[in-house]
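Report on one structure; see the data block that follows.
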Amino acid sequence: MTLGAERLVVITGGPGSGKTTLIDHLRETGHAHSPEAGRGIIRDQAAIAGPALPWTDPALFAELMLCWELRSYRTAASGTAPVFFDRGIPDIVGYLRLEGLPVPAHLDTAARTFRYRRRVFVAPPWPEIYRQDGERRQSYAEAERTYESMVAAYTDYGYEPVHLPFAPVAERARFVTGLIR
């Protein structure tokens, strides 16, 4: 693990499990953050009628996510304070596996090279808060499979998944910040 990787904290899991809500809460309380690549790319590609959408070209979508995550990593690594990532590079591996697509060698290398804090926070599927929208088209069953794929990907890369409690966002934030001190 590179020096400073302990500051780079990933929050992952399936869609609609409260990850972004937690990241937003942490940001609002003064913590640095890195937004989710997937939603940003979907918004940008939809705005320009681009081809890199998960329902159009999943492999190209994954490449753009990798570019986004590498830039976010380098930006965060230059600081000194903890940074909370809404997903990380191993999420892209999990996504490709979920889609039944091969993981390119360069993505595997990126996941092995650009390391985050060993403990990765995972938001488990939570049916009471799950909602679909224009960018989140997955069914709840797909969200569950995504969660399982993310846990497997992070575990395969040597991370320790720590499951977030089913709790209000402020309690989840206290849980996370308490474990990174």
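Specify the inter-centroid distance of the range 138-158 and the range 68-107, based on alpha-carbon positions, in whole Å. Value for the Cα centre distance between the two parts: 14 Å. Scaled to the globular estimate 2.2 N^0.38 Å, the Cα spread of the chain, given as radius of gyration, is 0.96.
Output the antiparallel fraction of DSSP beta bridges having both residues in the chain, as a percent to the nearest 5. The partial results should precede the final answer.
Working: 0 of 14 bridges.
Counting DSSP beta bridges with both partners in the chain, the antiparallel share is about 0 percent.
As a check on your grasp of the helix formula, calculate [θ] at 222 nm for the chain: sum -39500 (n - 2.57) over DSSP H runs of n ≥ 4, divide by the residue count, round to the nearest 500. Working shown, then result.
Numbers: 7 runs with 89 residues, N = 181.
-15500 deg cm²/dmol, from helical runs alone.
Neighbouring Cβ atoms within 10 Å as the yardstick, rank 33, 163, 25 fewest first. Write down the numbers at each step before the final one.
Details: 33 22, 163 13, 25 19.
Fewest to most other Cβ atoms nearby, the residues stand as 163, 25, 33.
For the options 90, 15, 104, a Gaussian network treatment of the chain with springs between C-alpha atoms closer than 10 Å singles out 104 as fluctuating the most. Sorted ascending by nearby beta carbons within 10 Å, beginning with the fewest, 144, 99 become 99, 144.
What does the charge count around residue 148 come to, taking other residues whose C-beta lies under 12 Å from its C-beta (Lys +1, Arg +1, Asp -1, Glu -1)? Taking every Cβ under 12 Å from that of residue 148, the sum is 0. Around residue 26, under 15 Å between beta carbons, what's the net of Lys plus Arg minus Asp minus Glu among the other residues? Around residue 26, the charge tally is +3. Against the compact-protein benchmark of 2.2 N^0.38 Å, the Cα-based radius of gyration of the range 1-97 scales to 1.10.
The numbers here are math on the coordinates, done by the rules we state, and not lab data. The model shown is predicted, which means the values in this text are computed figures rather than measured ones. So basically every Cβ, Gly included, is an ideal-geometry build from the backbone, and we count neighbours across all protein chains shown.
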